[in-house]
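Values quoted throughout were computed directly from the atomic coordinates according to the rules given, and no laboratory measurement underlies them. The structure displayed is predicted, hence computed values, not measured ones. Methodologically, a virtual Cβ is constructed for each residue, glycine included, from the backbone with ideal geometry; neighbour enumeration extends over all protein chains shown.
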Amino acid sequence: MLVLTRKIGQSIIANDNIEITVLDVQGDQVRLGIKAPRSVAIHRKEVQLEIEAENRRAAKVERVNLKNIIKKG
Amino acid sequence: MEICTKHFGNIKVDQDLVIYFGKGIPGFEQAKKFIILGNEEDLPFRWLQSVDLPELAFVLVDPFLVKGDYQIDINDEIMGTLGIESAEDLNVFAIVVVPEDTSKMSMNLKAPVIINTKNNRGMQVALDTEEYGVRHYILDELRKQEVEAYVGSNKEDRPVNHCK
C-alpha cells in the first residue's frame, strides 16, 4: 500500500482525473472530498462488504415454496 | 449442457438464455454465467441460477412491484459496459433473502441486478444513493404500498363539489 501524509486542504491525484482532498480532521474522523468523473464508482467500503454479505445470506436459500408468500388482498 | 441444480434438479441449459455477468456477483465473483428460472405460479419471484456453480441460486423479485416508487439511476459507464441503448432493454431485479421465517424475507434495493435483455449481459450495481439499503422487508414494503394506495384512493373517492 502506498502511504502519503497530507494536511487539511491538500490533495492526491489518481489517474489524472480523480482528486481526493482532505477537507477536515476531527479526532479520529477524516472528511474527504472526491472529484472524479461520473463514470467512476465510489462507495464506502462498508457498502461493498454489506452487499457481499447480503448476497451470501441470499445464497443460503433452501428449497422454498415461493407460492403464496405474497398474498393478494 | 445439463446442470444439476439445488432447486430444480437436472435442467438443460439453453445457451441462448445464459446471461453473462462479467464481474460475477459480489461475494461470488467466480460465478459469471446465470440463467433465470421460475414458473408462473412463483411470480413475482424468479430464480437466478448459476450455471458455473449449480448449487448457487438466488431468489429475485421485481422491485417495482414491491415498491412502486423505486427509482434507479444508472451511470453511463455501466450502461456502456452492459451495452444498454434503450431503457426498454433493461430488466431490473432485486436479490431476495428468504430466511426460515418467510415473513421476514427482504430484498436488496441498494444493489439491484440489471440485465440487458438484448445481449444477455448482467451486473449487480451498487446505486449511488443513500435512499435504499440492502435489506428492505418485502411484506412491510407491500403493507406500506397498500396504505398509500388506500390513502390515495380515499382522496380520489372524495366527491368534489364544484357548485358554490
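Taking each residue of B:27-34 in turn, how many C-beta atoms of other protein chains fall within 10 Å of its C-beta, and what is the average?
2
Step through the residues of the range A:25-38 one at a time and calculate ³J(HN,Hα) from phi using the Karplus curve (6.51 cos²θ - 1.76 cosθ + 1.60, θ = phi - 60°), rounding each to whole Hz and writing x for Gly and Pro.
Once θ is set to phi - 60°, the couplings for the range A:25-38 become 10, 9, x, 9, 10, 10, 9, 10, x, 10, 10, 8, x, 4 Hz.
Between the range A:1-47 and the range B:124-140, what is the C-alpha centre distance in whole Å?
Using only Cα atoms, the two centres lie 25 Å from each other.
May I ask for the angle, rounded to the nearest 10°, between helix B:138-157 and the longest principal axis of chain B, with both axes built from Cα atoms and the value confined to 0 to 90°?
Here the helix axis deviates by roughly 30 degrees.
Each residue of the range B:71-81 in turn: what ³J(HN,Hα) in whole Hz from Karplus with 6.51, -1.76, 1.60 and θ = phi - 60°, glycine and Pro shown as x?
Karplus-based 3J(HN,Hα) across the range B:71-81 equals 10, 10, 10, 10, 6, 4, 4, 5, 4, x, 4 Hz.
Among B:20, B:132, what is the fewest-to-most ranking by other Cβ atoms within 10 Å?
The fewest-first ordering by Cβ neighbours comes to B:20, B:132.
Counting only residues 5 or more places away or on other chains, whose amide H sits under 5 Å from the amide H of residue B:121 once H atoms are built in the peptide plane?
Long-range HN contacts for residue B:121: B:20, B:116.
Determine the shape class of the protein assembly as shown: with a ≥ b ≥ c the square roots of the Cα gyration tensor eigenvalues, call it rounded for a/c under 1.5, and otherwise prolate if a/b is greater than b/c, oblate otherwise.
It is oblate, given that a/c is not under 1.5 and a/b is not larger than b/c.
Among DSSP bridges having both ends in the protein assembly as shown, what percentage is antiparallel? Round to the nearest 5.
Here the antiparallel bridges make up roughly 95 percent for the protein assembly as shown.
In deg cm²/dmol and to the nearest 500, what is the mean residue ellipticity at 222 nm of the protein assembly as shown if only DSSP H runs of at least 4 residues count, each as -39500 (n - 2.57), divided by the residue total?
Mean residue ellipticity at 222 nm (helix-derived): -6000 deg cm²/dmol.
Given Cβ point charges of +1 (Lys, Arg) and -1 (Asp, Glu) and nothing else, what value in debye, to the nearest 20, does the dipole of the range B:1-120 about its Cα centre take?
For this selection, approximately 300 debye.
How many lysine pairs does chain B hold where the Cα atoms are under 18 Å apart and the two sit 8 or more places apart or on different chains?
14
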